[in-house]
1. Condition check: touching a helix residue (DSSP H, G or I) at 6+ places or on another chain (Cβ under 7 Å), under 20 Å from residue 34 (Cβ atoms), outside any helix (DSSP H, G or I) and not assigned by TED's automatic domain parsing to the domain that holds residue 67. Does residue 102 satisfy that?
2. Would you please list the contacts, defined by Cβ atoms under 7 Å and residues six or more apart or on different chains, that run from a residue in the stretch 49-61 that is closer than 21 Å to residue 6 by Cβ to a residue that is at pLDDT 70 or above?
3. Here are some conditions: (1) exposed (fewer than 12 other Cβ atoms within 10 Å of the Cβ); (2) touching a strand residue (DSSP E or B) at 6+ places or on another chain (Cβ under 6 Å). Residue 104 meets all but one. Which one does it not meet?
4. Taking residue 176, is it in contact with a helix residue (DSSP H, G or I) (Cβ under 9 Å, 6 or more places away or on another chain) and either surrounded by fewer than 13 Cβ atoms within 10 Å (Cβ to Cβ) or touching a residue at least 24 places away in the same chain (Cβ under 8 Å) (or both)?
5. Within the stretch 60-78, take every residue that is in a helix (DSSP H, G or I) and under 12 Å from the mean Cα position of the chain (by Cα) and give me the one that is surrounded by the fewest Cβ atoms within 10 Å (Cβ to Cβ).
6. Could you please tell me which pairs satisfy a Cβ distance under 6 Å, a separation of 6+ or placement on different chains, a first residue in the stretch 107-126 that is closer than 15 Å to residue 76 by Cα and assigned by TED's automatic domain parsing to the domain that holds residue 137, and a second residue that is part of a loop (DSSP other than H, G, I, E, B) and modelled with pLDDT of 95 or more?
7. Any residue at all in the stretch 127-141 that is in the same structural domain as residue 9 (by TED's automatic domain parsing), free of Cβ contacts under 8 Å to residues at least 60 places away in the same chain, surrounded by fewer than 17 Cβ atoms within 10 Å (Cβ to Cβ) and over 14 Å from the mean Cα position of the chain (by Cα)?
8. Among the residues of the stretch 105-127, count how many are part of a helix (DSSP H, G or I) and under 21 Å from residue 196 (Cβ atoms).
């Protein structure tokens with residue numbers, strides 16, 4: 001990164017919030033990943049060297065700016081670890097539908113008015129993130145079913161599964177189902193939905 005651009009980057013990122021992790025190691029790794037991802041997004045998309053940014057609503061610059069705004073306000077360490085495992089670069093470049101991690105505010109919004117989860121603060125925080133991600137995948141799956149001629153049974157299974165995610169499962173269940181890598185969430189969701197049918 002050129003010196004002038006690095007000064008702008010440093011100014012934009014100097015007041016970042018402290019990351020909340022389940023351990024000092026997680027917070028330290030996430031801090032490094034956050035800095036690396038922010039630098040990449042800034043250098044390649046927000047302030048590219050060789051071109052003026054395309055300001056149209058569907059442009060790479062707009063998607064990068066949207067992600068940038070989330071990253072500079074996000075304080076959850078797991079978000080950056082999951083973001084690093086996701087296809088965020090593909091999403092910025094092509095706008096392809098892909099799952100990106102949910103921000104803290106999105107997790108809180110998706111967990112509003114659902115059954116309370118019990119356990120330590122760290123356990124509940126992580127379980128809420130898993131539940132919110134699975135619920136988002138259920139919403140996306142339901143949207144895709146709207147375009148297909150599906151059986152009533154498939155729809156009923158999805159409705160029952162969503163209800164169970166919202167009101168029946170405890171924090172430990174969500175932690176046990178959380179995949180090791182973020183990109184495996186879709187596979188976990190599919191396996192859980194199939195198990196619901198059995």
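1. yes
2. 53/61; 61/45
3. If we test residue 104 against (1) exposed (fewer than 12 other Cβ atoms within 10 Å of the Cβ); (2) touching a strand residue (DSSP E or B) at 6+ places or on another chain (Cβ under 6 Å), just (1) comes out false.
4. On the way: in contact with a helix residue (DSSP H, G or I) (Cβ under 9 Å, 6 or more places away or on another chain): no; either surrounded by fewer than 13 Cβ atoms within 10 Å (Cβ to Cβ) or touching a residue at least 24 places away in the same chain (Cβ under 8 Å) (or both): yes.
Criteria not met by residue 176.
5. Taking the stretch 60-78 as the starting set, the residues that turn out to be in a helix (DSSP H, G or I) are 60-73, 77-78.
Next, only the ones that are under 12 Å from the mean Cα position of the chain (by Cα) stay: 67, 70-71, 77-78.
Details: 67: 21, 70: 17, 71: 20, 77: 24, 78: 24.
Selected residue: 70.
6. 124/117
7. At the first step, the residues of the stretch 127-141 found to be in the same structural domain as residue 9 (by TED's automatic domain parsing) are none.
So far as the stretch 127-141 goes, no, none of its residues is in the same structural domain as residue 9 (by TED's automatic domain parsing), free of Cβ contacts under 8 Å to residues at least 60 places away in the same chain, surrounded by fewer than 17 Cβ atoms within 10 Å (Cβ to Cβ) and over 14 Å from the mean Cα position of the chain (by Cα).
8. So the count comes out to 3.
The values are calculated or read from the model by the stated rules, or taken from the named source; none is laboratory data. Quick caveat, the model's predicted, so the values are computed rather than measured. Neighbour counts are summed over all protein chains in view; Cβ atoms, including those assigned to glycine, are modelled from backbone coordinates with ideal geometry.
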